[in-house]
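Enquirer: Have a look at the structure that comes next, please.
The values are calculated or read from the model by the stated rules, or taken from the named source; none is laboratory data. As the structure is a computational prediction, the values presented were derived from the model and not from experiment. Virtual Cβ from ideal backbone geometry, glycine too; neighbours counted across all protein chains shown.
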Amino acid sequence: MSERIRAHVHVTGKVQGVYYRANTRDAAREQGVDGWVRNLDDGRVEGVFEGPESDVETLVEWCHDGSPRARVDEVAVEYEAPEGLDGFEVKW
């Protein structure tokens, strides 16, 4: 089994009100990645993804397109120490 990593992402663009969080949750669960996603007051979406490196990187790449109705301008990624998250949720 590969080592777990943690990616903390901030997605900028038209990413609220276009099912970005729900689609991120579905993509994460399909990929087997743990973590969470939420809207920020400044219009961005924030997410934390934990899992095997290849799966997390696949989800980070997915964020560049996101949901079909989204327009992604930028995805900023910071890598942090995993905290052992289990499951994936949409935070409110």
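Enquirer: Can you confirm whether the stretch 18-39 contains a residue that is in a helix (DSSP H, G or I) and β-branched (V, I, T)?
Expert: Checking the stretch 18-39: at least one residue is in a helix (DSSP H, G or I) and β-branched (V, I, T).
Enquirer: Same structure, new question: Output yes when any residue across the stretch 52-72 is in a loop (DSSP other than H, G, I, E, B) and β-branched (V, I, T), and no when none is.
Expert: No, because not a single residue in the stretch 52-72 is in a loop (DSSP other than H, G, I, E, B) and β-branched (V, I, T).
Enquirer: For residues in the stretch 43-73 being under 17 Å from Y19 (Cα atoms) and of a type in the set (D, E), which is modelled with the lowest pLDDT?
Expert: Checking each candidate, the answer is D65.
Enquirer: Sticking with this one: If only one of R21, R38, R29 is crowded, with 17+ Cβ neighbours inside 10 Å, within 23 Å of R71 (Cα to Cα) and at pLDDT 95 or above, which one is it?
Expert: R21
Enquirer: Those residues that are touching a helix residue (DSSP H, G or I) at 6+ places or on another chain (Cβ under 8 Å), among the charged types (D, E, K, R) and in contact (Cβ under 8 Å) with a residue 60 or more places away in the chain, I need them from the stretch 5-43; list them, please.
Expert: Across the stretch 5-43, the qualifying residue is only R6.
Enquirer: A follow-up question, please. Check E89, E46, E83 and return the single one that is part of a strand (DSSP E or B), touching a residue at least 60 places away in the same chain (Cβ under 8 Å) and surrounded by fewer than 18 Cβ atoms within 10 Å (Cβ to Cβ).
Expert: When all the criteria are applied, what remains is E89.
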